[in-house]
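The values are calculated or read from the model by the stated rules, or taken from the named source; none is laboratory data. Just so it is clear, the model here is predicted, and its values are computed rather than measured. Neighbour counts run over all protein chains shown; Cβ positions are idealised from the backbone, glycine included.
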């Protein structure tokens, strides 16, 4: 444990060099900063994406820590040696070589074994397929991958058309990248149409595979109402063509009967990674002008990519809901863009996924079980930086955009999406560890770690959308978002979640949420009071002293333990607190031009890009 | 009546009305002197559209065979399309609308013909008198006086008949100062900060010219607002070089030598003609649904609209900060003192003064800082963003102010008594209205037009309880603090309620808003009920206690 005193925490955007002074601690799992007014800032080592030591200044040695949840903290450590120690320790602590060293393996939420088991059983995918209506006359559970023999990155349980025999499955899998042959992802009961997913075919310039062709035919025949099916290649056409040279590629329409082939043009993980990088560079700029912000937003391409993902999902959902056609979705390996498009398509089609539980199921199904490489994409272990990509973040952002357009259609709120994002990177729970189910089983995650979902459910009050209307859309009616460009907005609460000075000073959302919560309590109170009055009217001499008092405020949480579950989010204030003005201090606001009018010019700002000892993860 | 001559075809049948996000409707189109009326004859779902001719910004016509199409673009930014069978009919209707929507004479405008269907409870023309304002002021300070020096508009044609000035400055001095300020707009009190007794004054530029003319009375006037030994700030809404160039044309700025106690800050706010271009570009960008993301963002950027918003908010925060944090008096001016000056002074008051965040207080602010202060509404709002004619004096100066209020409102959603609809309503009425409130360019013109006698005031209508309820913010709870908005680009947003209002389906957003209101209302009902039950129970308990021996 390392402890350094008199450390300054600078406001990232303030031009007035406002800072808090306090003590910085390094524990085995967290970095902790306690300022002079005893406010704590906890940062999980796993959340650290990069640490940078900037050149020495007169006030000390600056240390900038960038986190995967987009928090950026800027410390100034008085002595260079201390700074160096912290820097080195953080480098070590934030780099993990083995899964077993991740926080999830040491995290103990004080659950007993049966609770732990029950927690892992909360989401049952077999149950989910049953809910969709499979197995049925056309679709069945296949045991082909029971031992991960056909595809290591798929789950054991896979649903395929009844007419797809084992040889067809095996043959098809040999013709698909990483063996990821076409399987069922979502079944639409009313239309009897299916969303299937796979990876790209190994078609090269001319290769074909009869089993694979049969496989697709089996899928199209499994839809009694429309024998045409779509094959959606979610890549830009150029990328798909380039893959042909490597013996991969896309389906030749001539070889497959009854298919309609369609490219939808979502860029690859590398483009997305650098896009987000550009976005963060822009949004992190001090004294940003509106036009620099807008052109930076444009140049980053980020919103364009989010729109492309959502457009693809809309195309998919319409094919199913309007044309009643089944759709096969793939990209290259079928675990990034394919997961995005399949899950968003299902979210548009099926209101169940717009509930809290349903959203967990959706993530378990299309992301976790189908082998989205969470470990690589989120850099859980020290690995290839080229594998990192914000694919899942983009998915959450697409969902957020939908919640903005349909404020009453979702049971969950923004905080839920943010909390999931937090834990995808925290490595505190077992769900997102590893790259596929096989790996997770080998790690014995269900015995050694805990599942996130029961914890989220336990505090679901925080994640409920007070405006949610379960009758918003009848079951299985399509949600049709408007994807005109102006509907896509910069997600401030994601990328500036920790920059409180940029947020509205009064949160309408919190107010509505608390009022709605209070309404429930008041309804209870009324019932209770009415009962008391009835009782008095009935037997007026009975004294009702035993009536319990209303439960007062919950006991304060013990301090000085790491925030096990809740991240350091502003606690939901009660009504009065919501209305208090957080930033009633001009120093919190950046009227940069004027600060310099009043105070002496600040010392030159050290820009992040020129720092030494940059560590990227 | 002269309108009849302009209406060549008063009525057309089998007209089809197209609006975005609504199914096309067939019906009858009628033209009256002031309205375009469309009514569908479908019995099950009769629909009527009433459009003021003065709301029409531009009109285009096209023909396919004998079917004519008129595209009407309104000042509230809505676009509708009418398919009219018959080429002649269509041409007639188009030219009638064109003539009726571009009437030259103010006295032909609808407010002079409008007869309200409601009972007037309070005459809005006398709801907000400066005398009342002064009475309030007198209860906290006696450093100011009401001057009638301009009672016949001879000292400053764009000022109201009465103004508030420092007590120690007599009318004779004011007359001299008026000669030293552009358009006679001598410094007057705009806002008095009770908390620390600091004042915000506004004026036009001083006429120093190239030879550095000075005016002792002017110096004395503004120095009268200073505490001894304290400095004040002059916020000039022009950049330094523009202020310097203005000297060549007889204008200028307060020079340090003559105003040693004042520090000048140049906080540039764009001139009105630049703002109009920006407005047109923004609306163009918002109306094109085919833009891909890059194009949309670059068009949004190229419009510069949000930059103007940020600059304006920053300038207002600067003025507010000088007063509240630095404890200094402030004088705000640009060139004429009728546009950017008023934007800054009125926004600073929104930030500083909780009263301005109430409905009544905001109305009073609009009357005081915009109407009485001589913002030329008629010139600025003659045309909106679709006008084909060459622009002269048009500019969305007032709209920008409203949008800045909206931006602050978004950041402090519980601190305003009014809602977004209230701001949108003011935007609409500034451009086209049945009320006389926004006619004319200043009080002088309004008096000549006899507007208070001949037209109805917007406030007479808005302040009726039935109307007010539509504009109330259910989240409002009085907040006596100064509210400092964030001006970071990430905190600013496009005002969708105005700019995307007609371009996107709004059903779900409106329903969500309704649900929000219901939750708040329900909460109030429940609280009332709980309180009533508690009282009832308490009474029963005391009754029992009394019954016991």
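A few points about this structure:
- Taken over the range A:76-90, the criterion of being surrounded by fewer than 15 Cβ atoms within 10 Å (Cβ to Cβ) and either in contact with a strand residue (DSSP E or B) (Cβ under 7 Å, 6 or more places away or on another chain) or in a loop (DSSP other than H, G, I, E, B) (or both) is satisfied by A:79, A:80.
- Residue in the range B:480-495 that is farthest from the chain's Cα centre (by Cα), counting only those that are surrounded by fewer than 18 Cβ atoms within 10 Å (Cβ to Cβ) and at the interface with chain A (Cβ under 9 Å from one of its Cβ atoms): B:481
- Against the numbered list (1) more than 9 Å from chain B (Cβ to nearest Cβ); (2) assigned to a helix (DSSP H, G or I); (3) touching a residue at least 60 places away in the same chain (Cβ under 8 Å), residue A:511 comes up short only at (1).
- Hey, residue B:505 at pLDDT 95 or above and at the interface with chain A (Cβ under 7 Å from one of its Cβ atoms) or not: no
- Residue within the range A:490-503 that is at the interface with chain B (Cβ under 7 Å from one of its Cβ atoms) and touching a strand residue (DSSP E or B) at 6+ places or on another chain (Cβ under 9 Å) present: no
Here is a yes/no grid of residues against (1) assigned by the TED database to the domain that holds residue A:435; (2) surrounded by 15 or more Cβ atoms within 10 Å (Cβ to Cβ); (3) out of contact with any helix residue (DSSP H, G or I) (no Cβ under 8 Å at 6 or more places or on another chain); (4) free of Cβ contacts under 8 Å to residues at least 40 places away in the same chain:
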{"residue": "A:208", "(1), (2), (3), (4)": "yes, yes, yes, no"}
{"residue": "A:217", "(1), (2), (3), (4)": "yes, yes, yes, no"}
{"residue": "A:226", "(1), (2), (3), (4)": "yes, yes, yes, no"}
{"residue": "A:237", "(1), (2), (3), (4)": "yes, no, yes, yes"}
{"residue": "A:248", "(1), (2), (3), (4)": "yes, yes, no, no"}
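- Qualifying residue in the range A:381-394 (condition: within 14 Å of another protein chain (Cβ to nearest Cβ), under 30 Å from residue B:508 (Cβ atoms) and in a loop (DSSP other than H, G, I, E, B)): no
- Residues (farther than 17 Å from residue A:125 by Cβ and either in a strand (DSSP E or B) or outside the structural domain of residue A:153 (by the TED database) (or both)) located in the range A:165-199: A:176, A:188, A:193, A:198
- Residue match in the range B:129-144 (condition: under 25 Å from residue B:29 (Cβ atoms) and not assigned by the TED database to the domain that holds residue B:16): no
- Note on the range B:231-250: residues that are over 23 Å from residue B:189 (Cβ atoms) and assigned to a loop (DSSP other than H, G, I, E, B) amount to 2.
- Taken over the range B:288-308, residues that are at pLDDT below 95 and either in the same structural domain as residue B:488 (by the TED database) or crowded, with 18+ Cβ neighbours inside 10 Å (or both) amount to 1.
- Residue within the range B:309-329 that is under 25 Å from residue A:301 (Cα atoms) and either assigned by the TED database to the domain that holds residue B:228 or in a helix (DSSP H, G or I) (or both) present: yes
- For the range B:286-308, residues that are more than 20 Å from the chain's Cα centre (by Cα), at the interface with chain A (Cβ under 8 Å from one of its Cβ atoms) and not in a loop (DSSP other than H, G, I, E, B) total 9.
- Matching residues, the range B:24-53, being assigned to a loop (DSSP other than H, G, I, E, B), over 12 Å from residue B:81 (Cα atoms) and either out of contact with any helix residue (DSSP H, G or I) (no Cβ under 7 Å at 6 or more places or on another chain) or not assigned by the TED database to the domain that holds residue B:69 (or both): B:32, B:41, B:42, B:43, B:44, B:45, B:46, B:47
- Considering (1) surrounded by fewer than 16 Cβ atoms within 10 Å (Cβ to Cβ); (2) more than 24 Å from residue A:499 (Cα to Cα); (3) within 29 Å of the chain's Cα centre (by Cα), the lone condition that residue A:55 does not fulfil carries the number (3).
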